[in-house]
Amino acid sequence: MDDFWQARWYVVRPAGNRKPATYRCPLCGGLLPALRGHMLVLPEGDAPRRRHAHTSCVMKARRDGRLPLREEIEPPRPGLLARLLRRG
Ligand SMILES: [Zn+2]
């Protein structure tokens, strides 16, 4: 297993640029023809580490809590305006 799982959060988005290649899904280890609709998973938003994954695998991993999104790990801090208003 590579460092795909060495991340606190992930960015998940539909794969747009479809090349006639075959990838290996990091979630199930199965082959993934890129021409089939699938997802991109970016560990901590790191594009060079992005992996192509089956949509169904991503959905299952999300349900199982294995692919936390950034906003689930790092809730956004109150913005500057909110802090200023609170102080005032
Ligand atoms: Zn898969």
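Each of the peptides 50-59, 28-37 was scored by the mean count of other Cβ atoms within 10 Å over its residues; in descending order, highest first, they stand as 50-59, 28-37. Phi-derived couplings, Karplus 6.51 cos²θ - 1.76 cosθ + 1.60 at θ = phi - 60°, listed residue by residue for the range 26-42: x, 8, 10, x, x, 6, 9, x, 5, 6, 7, x, 7, 10, 9, 10, 10 Hz, with x used for Gly and Pro.
A cut-off of 5 Å between modelled amide H atoms, ignoring neighbours fewer than 5 places along the same chain, links CYS28 with no other residue.
Computed on the Cα atoms alone, the convex hull of the range 1-41 gives a volume of 74 cubic angstrom per residue. Annotation: the residues ARG87, ARG8, sorted from fewest to most other C-beta atoms within 10 Å of their own C-beta, follow the order ARG87, ARG8.
Site pair LEU31 and TRP5 shows an inter-label distance of 2.5 nm when each label is modelled 7 Å from Cα along Cα→Cβ. The HN-Hα couplings worked out from phi for the range 46-62 by the Karplus form 6.51 cos²θ - 1.76 cosθ + 1.60 (θ = phi - 60°) are 7, 4, x, 9, 5, 10, 8, 9, 4, 4, 5, 5, 5, 4, 5, 5, 4 Hz, whole numbers, x standing for Gly and Pro. Taking 7 Å steps out from each Cα toward its Cβ at THR22 and ALA82 produces label points 4.8 nm apart. The amide H of VAL11, built 1.01 Å from its N in the peptide plane, has LEU42, GLU44, GLY45 as neighbours under 5 Å, considering only residues 5 or more places off or on other chains.
The amide H of HIS38, built 1.01 Å from its N in the peptide plane, has ALA15 as neighbours under 5 Å, considering only residues 5 or more places off or on other chains.
Kirkwood hydrodynamic radius (Cα pairs, Å) of the chain?
Values: mean 1/r = 0.0694 Å⁻¹.
Computed over Cα pairs of the chain, the Kirkwood hydrodynamic radius comes out at 14.4 Å.
Read-outs throughout are calculated quantities, based only on the coordinates presented, and are distinct from any laboratory measurement. Computed from a prediction, not measured in an experiment: that's the story for all the values here. Here the Cβ is made from the backbone with ideal geometry for all residues, glycine too, and neighbour counts use every protein chain on show.
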